[in-house]
Amino acid sequence: MNEPPTPADPLAAIAAYWNDAAPAFDREPDHGLLDATTRRAWQRRLADWLPGERLDVLDVGCGTGSLALLLAEAGHRVTGLDLAPAMVDRARRKFAAAGLEGRFLVGDAGRPPTGTDRYDAVLSRHLVWTLPDPPAALREWTARLRPGGRLLLVEGRWREADAPVEPYAPGTGTLPWSGGVPARTLTAALRPLVRDLHVHPLESDPALWGGPVHDERYAVLAHC
């Protein structure tokens, strides 16, 4: 059995946490998209945010590949990236079961190991709160976009305002956006990197989450 990572190695601890979470990850309605209503709600949103055909899309922090699969079904060419090998394994299996092509990488979403590849869109959902350096990750993601490309961030604040947050894995207690990030904080960090951006509130659409939610949920769509 592998020795548990130490708090001095937060990336290893984060990867171990999400590896352990992978078997049950899709039980959450907005993770697995197993309910037809939730699945259609995300299909509609993605079609609005990323219109067009045959886009090259980088999904950073792809998890088990649920949104990547929707994008591939819509005809886009998808590269998925996640720090946790168990998540990537499940994403690959989803694509294989659906008979769809996709490229999946194991690596740090904060510094995507994609070389000189450039994309029409970079997508991240529910990821920035897990990153040791979110502003640096935003710079990395925008640098991987082609001129006129889109950055789509689906984020939120997973608690009541000013409520204390317990570290979810060893070494993560000092993460700058632990527990989620308000839209105003994320847009302030992103605005110097993009040409324009728009915030789309999402907490009032229960179909996206499998039921009502009572915290801040939103998407930021930016053009570079």
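Key figures
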quantity	calculated
Selection within the range 95-152 - assigned to a strand (DSSP E or B) and on the phi > 0 side of the Ramachandran plot	G148
Odd one out for H214, checked against (1) modelled with pLDDT under 95; (2) of a type outside the set (V, I, T); (3) open to solvent by less than 30 Å² (accessible area, probe 1.4 Å)	(3)
Some residue of the range 125-145 being surrounded by 15 or more Cβ atoms within 10 Å (Cβ to Cβ), touching a residue at least 60 places away in the same chain (Cβ under 8 Å), over 28 Å from H214 (Cβ atoms) and of a type in the set (F, W, Y)	yes
Candidates A84, A47, A91, A96, filtered to the one that is among the small types (G, A, S), open to solvent by 30 Å² or more (accessible area, probe 1.4 Å) and farther than 27 Å from R191 by Cβ	A96
Residues satisfying the stated conditions in the range 1-30, i.e. in a helix (DSSP H, G or I), modelled with pLDDT under 90 and among the polar types (S, T, N, Q)	none
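The values are calculated or read from the model by the stated rules, or taken from the named source; none is laboratory data. Please read these numbers as outputs of a predicted model, since none were measured by experiment. Every residue, glycine among them, receives a Cβ derived from its backbone with ideal geometry; neighbour counts consider all protein chains shown. Quick note on the areas: whole protein, heavy atoms, side chains included, nothing else; ligands and nucleic acids left out. Shrake-Rupley method; radii C 1.70, N 1.55, O 1.52, S 1.80 Å.
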